[in-house]
Every structure is written in C-alpha cells, then in structure tokens.
Amino acid sequence: MSIQLALLKSGEEVIADIKEIRQEETDVLVSYLFKDPYCIKIKTTQILVEDESRPKHELAYYKWMSLSKDDDIIVNKDWVVCITDPLDSVKQNYEERMNGRRSNDSNGSSYGSGNGISESNSSVTLSESNDSNSGD
C-alpha cells in the first residue's frame with residue numbers, strides 16, 4: 001500500500017492509496033488510481049492559555065467524491081499538482097480509519113450519518129511549531 005497525499009488543481013488535499021496508471025507500450029503516465037480517497041481539511045482552533053497561545057490543528061476527513069459508490073477512482077494526471085508522503089501521524093490515523101471502516105461498515109459509507117458528507121468523529125491534533133513571526 002502506498003498511502004500518499006495529493007494536492008489537486010481544485011485546492012483539495014486528498015489522502016489515498018495512490019497508484020500510477022501507465023501506458024503499456026511507452027510507459028507514459030496516463031492517470032492515477034486513488035483507492036479509498038478522503039479529503040483532508042485542517043481546522044485551526046486558538047486556545048488561549050497564559051503561557052501558551054499556539055494554535056492547535058485538527059484534521060477532518062471527508063469522503064472524496066461522496067456521491068460515488070466506487071472506492072477506486074481514476075484521476076486525470078493533469079488534475080494532480082503534486083503528490084507527497086503525509087506526516088506519519090496522519091498516515092497512521094488514515095490507516096486506522098480504513099481498517100476500522102472495512103471491518104465495521106458493511107454498507108460502504110464513511111463514519112457518520114450515511115449522507116457521505118459527514119465528518120468522522122475522530123481527529124488528529126497537530127501542534128504548530130513555527131516560532132517565527134513573519135508579520136506579512
């Protein structure tokens with residue numbers, strides 16, 4: 001399994017098991033196959049504590065292409081801006097959610113009410129470690 005994070009032209013960040021689809025004769029990249037794709041959104045909350053005022057980041061997962069009954073989606077190579085490896089904590093959280101979904105969910109919907117647009121009830125909290133104050 002190759003869990004990777006893709007940035008699409010639309011601005012969406014999608015985490016999935018991403019495979020390349022290549023033309024057999026020429027080995028030219030044709031498209032990508034996204035298996036179990038989820039869109040990731042970063043939610044920032046500012047927690048004010050006397051000594052610490054760094055924002056906390058939580059990740060919310062949404063099923064990408066939520067109205068499709070397919071779990072494997074072919075994406076045109078021209079729509080992918082870049083592909084990178086996710087943070088270890090993000091990858092681990094995604095793998096746990098995929099393993100739980102496969103064993104607990106018989107109807108194929110993601111965590112939530114079944115409308116396909118629901119947010120899962122677990123999240124990863126990331127601490128911002130940027131100590132520079134650039135002050136654009």
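A short reminder: the numbers here are calculations on the coordinates, not readings from a lab. The structure presented is a predicted model; accordingly, all values stated were derived computationally and were not measured. Backbone-built Cβ (ideal geometry, glycine too); neighbour counts: all protein chains shown.
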Virtual spin-label span in nm between S2 and D78, 7 Å along Cα→Cβ: 2.3
Radius 14 Å from Cβ of L7, net charge of other residues (Lys, Arg +1; Asp, Glu -1): -1
Simple label model, 7 Å out from Cα along Cβ direction - K35 to Q23, nm: 2.6
